[in-house]
Each structure stands twice: as structure tokens, then as C-alpha cells.
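What follows is a set of notes on a single structure, which appears directly below.
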Amino acid sequence: MDDYHYTDIQDIQNYVQWLHNHNEETSLIILASCGKDVIGFIAGDIYYYDKEQSCLVSNIHELVVKPEFRGIGIGTQLIYEFITRSKEKNKQLGKKVNQVILWVGKNNQKAIKLYTNLGFSIHSKANKWIKMKMNI
């Protein structure tokens, strides 16, 4: 979806580097593989202060599955695994986190449907983005 992603290779590399390095304590990246090939990943923060809600949330920054592997549950499994690991790590750290949030492009109907089917609901909108949340 051209409206929602970087197209310049340097921008992509910088963003992936940021996902990996922006906060060592809170960052979580999970890879999905098929053999030796990475076919998808999810990246986010196990806890993140949401100014709008004035509380800590788990925040999914990115969910990517290669097109030829979409529609078979990989994205769903990545989300479930992200939530499970976030809850476990937050419990270990003594952090009270009761929600997962993510932002999705308002025209990305496939993703909105996936997130809604998993239990996310629309929380707010900003320009071309929709903020969705799920209680955990």
C-alpha cells in the first residue's frame, strides 16, 4: 500500500534499525520463518506510554507478512505471540499494561478486518491513520 510505507531503501533501513534499537528494554521483534527464509515479522514495544490515554500500553509498530504467505494465519500468530510475550515480560518487570494498540492506514481494509476479527476496536483517527486498541 503505497500510501503507508517507505519506498526509499535508506528510509527503510533507517526505520528497521529504529525498530531494532530505539529502546533495548521495551523493543520486541518476532520473526516468522519458512526454512531459512524470513516470511514475516512483528515489531513493537512491550510497554509504551500512550499520552492520549495517559497509561502504559503495548504498542505494535509494524506487522509484515510476505504477500505469498498472507491469508494462512501467520499475521494472526505473530500478533498472538507478541501479546503473549509482552504480557509475560511486563509481568516480570512489574508493569501494569492492559491494552495493545496499533495504527493502521484508513484505506487498508484487509488489515482493519484482521485486527477487528482479533478483538481490536477503533479508538481514534488522525489524518490517514486509525488507532486501534484491544484490552488484554
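Can you tell me which of 114, 78, 28, 19 is surrounded by 14 or more Cβ atoms within 10 Å (Cβ to Cβ), at pLDDT below 90 and not aromatic (Phe, Trp, Tyr)?
19
Are there any pairs, at least 6 apart or on different chains, whose C-beta atoms fall under 6 Å, with the first in the range 89-111 and at pLDDT 95 or above and the second among the small types (Gly, Ala, Ser) and crowded, with 18+ Cβ neighbours inside 10 Å, and if so, which?
Final answer for the pair search is 97/58; 100/58; 104/111.
Is the range 55-70 home to any residue that is more than 13 Å from the chain's Cα centre (by Cα) and either within 18 Å of residue 135 (Cβ to Cβ) or part of a strand (DSSP E or B) (or both)?
Within the range 55-70, one or more residues are more than 13 Å from the chain's Cα centre (by Cα) and either within 18 Å of residue 135 (Cβ to Cβ) or part of a strand (DSSP E or B) (or both).
Answer with yes or no whether residue 86 is farther than 23 Å from residue 12 by Cβ, out of contact with any Pro (no Cβ under 9 Å at 6 or more places or on another chain) and of a type outside the set (A, V, I, L, M).
So residue 86 passes the test.
The values are calculated or read from the model by the stated rules, or taken from the named source; none is laboratory data. Quick caveat, the model's predicted, so the values are computed rather than measured. Positions of Cβ are generated from backbone atoms using ideal geometry, with glycine treated the same way; all protein chains shown enter the neighbour counts.
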